[in-house]
Structure formats: structure tokens, C-alpha cells
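The values are calculated or read from the model by the stated rules, or taken from the named source; none is laboratory data. Everything quoted here is computed from the prediction, not taken from an experiment. Reconstructed Cβ throughout: ideal geometry from the backbone, glycine too, with neighbour counts over all protein chains shown.
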Amino acid sequence: MTAIPLTWRIGDVLVMRVEERIHGVPRETLVPGITDAHLAEHADWVSPFFSRSGRLLLSVHTFVVFDAEHTIVVDTCAGVDPARPLPGDPEFLERLSSAIDGGLGAVDTVLCTHLHFDHVGWNTCIVDGDRVPTFPNARYLFARVELESADTSSVHEPSIAPLLDAGVVELVETDHILTSNIRLIPTPGHSPGHVSVAIESQGERAVITGDVMHTPLQVAIPELTASPFDADPKRASATRKSFLDANAETQCLLLGTHFPPPTAGYVRGPRARRRFVSSED
């Protein structure tokens, strides 16, 4: 059963999570440093994010951000290319369209936090045999350094080239301001031009993490890296530590791009004993 979309309000901005699929993946393939001892030590709060057998629960979902006249899709999930490591859900687009008033055509901006396969898979779709932009009225925003420096060879033909050909790509800096309430934060390491998304409205704040973290356990143990997928593991770890320092013991709501429900929460505790506390608690 597919999850009902979750929503959060940050001042005047509404954020909605629309799930493609949750995968139980062997933790050693994604974050190899996780041990049984880590899970036991943090069992009182980390259990919703791991299966009973200790597999890491990796959620693939999009965040739709509604801000005044703007409808922004942040990351487009994995898609259904059979060659990709994590299979997507062919019913995802229908589910996403149903969740947005006005459907996919109401989206004016698509932002990819980075250009890995599970964040760009539904950038395009096939219509009458041609690969076309999935969101017909949207500009697609990529960080310039990401497109120029990251290895995008596996996703270029299906997920990037058709957008370039259609003239709908806008290359931006990693601190780009989307609206008066939404801006990018440079968070490099996982990829050269990786960004997170800051939302600030009416004195409230939230950040869509992107792949700064793949599991909330990294709040407690930030030196754990997604080493098979981090372009620069040392930089990714340093970025994660500074990101957590900046948001610890604040009212900033973290929206985890790969966190299964409850998905959103806060960084609590001193550096040596930090944890991710659900916004539902």
C-alpha cells in the first residue's frame, strides 16, 4: 500500500511528500559503516528507519512545495528505467498528478538537488514514442557546477539531454534564490554541486536535506558516509557535520529526502549524543 501524502506548513509555505517507493536495502551497500552495535545503541529512536532484520529503509519520494503562485517539485524520484539499481513505480506520476491541484501542468519549477538517478528519473516521460519533459510548463533548475562537474553519464540521455534539447533547463548557482521564501544552500560532497533547500516564512524554517544524509542515524554518527555513492566522502562528512551543527537545537524542521515516515523532525541533543526527533513527537 502506498503512503498517503504527508504535509507540513512552514509559515505561508506548504510542503507535501509524495512517495514513489520505500526500499529495504542492505545497509552495507549504502552506508557500510553501520553496525549492529550502532543500531542497538540508538534503538530507542532509530527503529522506524530500519527493518527488523537491520536493513536500511530508504524512501524515494518527491517534495512538492507550494509558495504563493509557485508550485515547485524538488527531485523527481527514480522512474522506471529497468537498468537503474532501484526500481521506481510506474503509477507514481498518476499519484503525483492527483496530489497537485491542476496536475503536472501546474508545476512551474522542477529542482534537482543533484543529478543522481533516483532524483531525476521522472524528469522526462515517453509520449507517442518521444521522450519529453514530464512537467510541460516547468523550468528545470540544475546547479551549474553539478551539470559541469558531476558524472552524469548514466542519466544524461534519458533525464537531462531531452530537457536541454527542449530549452527548459536553467543553470543556477548553489545559493540561488527561487522565491522570497525559498533558496538553495550549497551542501557539496555527495556530488560536486549538491544543494539542500531552505524554506523560511513567517519566522518558521525548514530544510529539505537532499542527500546530505541517507538515514537519520547519520544525525548521531555523521562520520558514516554513503561511500559507494559519495563523490568526495571526506567533504560529504564535513558538510554533514557543519549542516547538523547549524541546525542542532533549533526550530528548523529537517525534511529528509530519503527518510521514510515520519520523514520530518529536529536535531536534538549535544554533539556527542545527538538524535533525530520526529516532528510528530
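Tell me, yes or no, whether region 130-146 has at least one residue that is at pLDDT below 95 and either under 23 Å from Leu86 (Cβ atoms) or acidic (Asp, Glu) (or both).
As a first pass, look at region 130-146 and keep what is at pLDDT below 95: 130-131.
Subset that is either under 23 Å from Leu86 (Cβ atoms) or acidic (Asp, Glu) (or both): 130-131.
Yes, that holds for at least one residue.
Quick check: is even one residue across region 108-119 of a type outside the set (Ser, Thr, Tyr), free of Cβ contacts under 8 Å to residues at least 12 places away in the same chain and assigned to a loop (DSSP other than H, G, I, E, B)? Before the answer, list the steps.
Initial filter on region 108-119 (of a type outside the set (Ser, Thr, Tyr)): 108, 110-112, 114-119.
Checking which are free of Cβ contacts under 8 Å to residues at least 12 places away in the same chain leaves us with none.
No, the conditions are met nowhere in region 108-119.
So Phe66 fits all but one of (1) among the hydrophobic types (A, V, I, L, M, F, W, C); (2) assigned to a strand (DSSP E or B); (3) touching a residue at least 60 places away in the same chain (Cβ under 8 Å); what number is the exception?
(3)
Would you check if there is a residue in region 1-22 being in contact (Cβ under 8 Å) with a residue 40 or more places away in the chain and assigned to a helix (DSSP H, G or I)?
No, the conditions are met nowhere in region 1-22.
Exactly one of these conditions fails for Ala236: (1) within 27 Å of Arg139 (Cβ to Cβ); (2) assigned to a helix (DSSP H, G or I). Give me its number.
Exception for Ala236: condition (1).
Would you point out which residue out of Ala236, Ala226 is under 16 Å from the mean Cα position of the chain (by Cα), surrounded by 17 or more Cβ atoms within 10 Å (Cβ to Cβ) and at pLDDT below 95? Please lay out each step first, then the result.
Details: Ala236 fails: at pLDDT below 95.
Within the list Ala236, Ala226, the selection yields Ala226.
Here are Thr263, Thr250: which of them is crowded, with 21+ Cβ neighbours inside 10 Å and at pLDDT 95 or above?
It is Thr263.
Would you mind telling me which numbered condition in (1) within 18 Å of the chain's Cα centre (by Cα); (2) more than 21 Å from Val18 (Cα to Cα) Tyr140 fails?
With respect to (1) within 18 Å of the chain's Cα centre (by Cα); (2) more than 21 Å from Val18 (Cα to Cα), Tyr140 is out only on (2).
Out of Val212, Val219, Val277, report the one residue that is surrounded by fewer than 18 Cβ atoms within 10 Å (Cβ to Cβ) and within 22 Å of Trp8 (Cα to Cα). Steps first, answer last, please.
On the way: Val212 fails: surrounded by fewer than 18 Cβ atoms within 10 Å (Cβ to Cβ); Val219 fails: surrounded by fewer than 18 Cβ atoms within 10 Å (Cβ to Cβ).
Of Val212, Val219, Val277, the one residue that is surrounded by fewer than 18 Cβ atoms within 10 Å (Cβ to Cβ) and within 22 Å of Trp8 (Cα to Cα) is Val277.
Which of the residues spanning region 46-85 are out of contact with any Asp or Glu (no Cβ under 9 Å at 6 or more places or on another chain), surrounded by fewer than 21 Cβ atoms within 10 Å (Cβ to Cβ) and closer than 17 Å to His214 by Cα?
Scanning region 46-85 gives Val46, Ser47, Pro48, Ser51, Arg55, Leu57.
If you check every pair at least six apart or on different chains, which have Cβ atoms under 9 Å apart with a residue in region 181-208 that is free of Cβ contacts under 8 Å to residues at least 60 places away in the same chain first and a residue that is part of a strand (DSSP E or B) and basic (Lys, Arg) second?
Partner pairs satisfying both residue conditions: Ala198/Arg183; Ala198/Arg205.
Just one of Arg139, Arg131, Arg144 is basic (Lys, Arg), closer than 22 Å to Asp232 by Cβ and in contact (Cβ under 8 Å) with a residue 12 or more places away in the chain; which is it? Spell out the reasoning first.
Working: Arg139 fails: closer than 22 Å to Asp232 by Cβ; Arg131 fails: closer than 22 Å to Asp232 by Cβ.
It is Arg144.
Could you check region 168-191 and list, in sequence order, the residues that are within 13 Å of Ile208 (Cβ to Cβ) and aliphatic (A, V, I, L, M)?
Those that are within 13 Å of Ile208 (Cβ to Cβ) and aliphatic (A, V, I, L, M): Leu178, Ile182, Leu184, Ile185.
Would you please name the residue that is nearest to the chain's Cα centre (by Cα), looking only at residues in region 177-204 that are crowded, with 18+ Cβ neighbours inside 10 Å, more than 25 Å from Ser153 (Cβ to Cβ) and not small (Gly, Ala, Ser)? Break it down into steps so the answer makes sense when it comes.
If we filter region 177-204 for residues that are crowded, with 18+ Cβ neighbours inside 10 Å, which is where we start, we get 178, 181-182, 184-185, 187-199, 201.
From what is left, the residues that are more than 25 Å from Ser153 (Cβ to Cβ) are 178, 181-182, 185, 197-199, 201.
This time we only want the ones that are not small (Gly, Ala, Ser), so: 178, 181-182, 185, 197, 199.
Working: Leu178: 17, Asn181: 19, Ile182: 15, Ile185: 13, Val197: 9, Ile199: 14 Å.
Ranking the candidates gives Val197 first.
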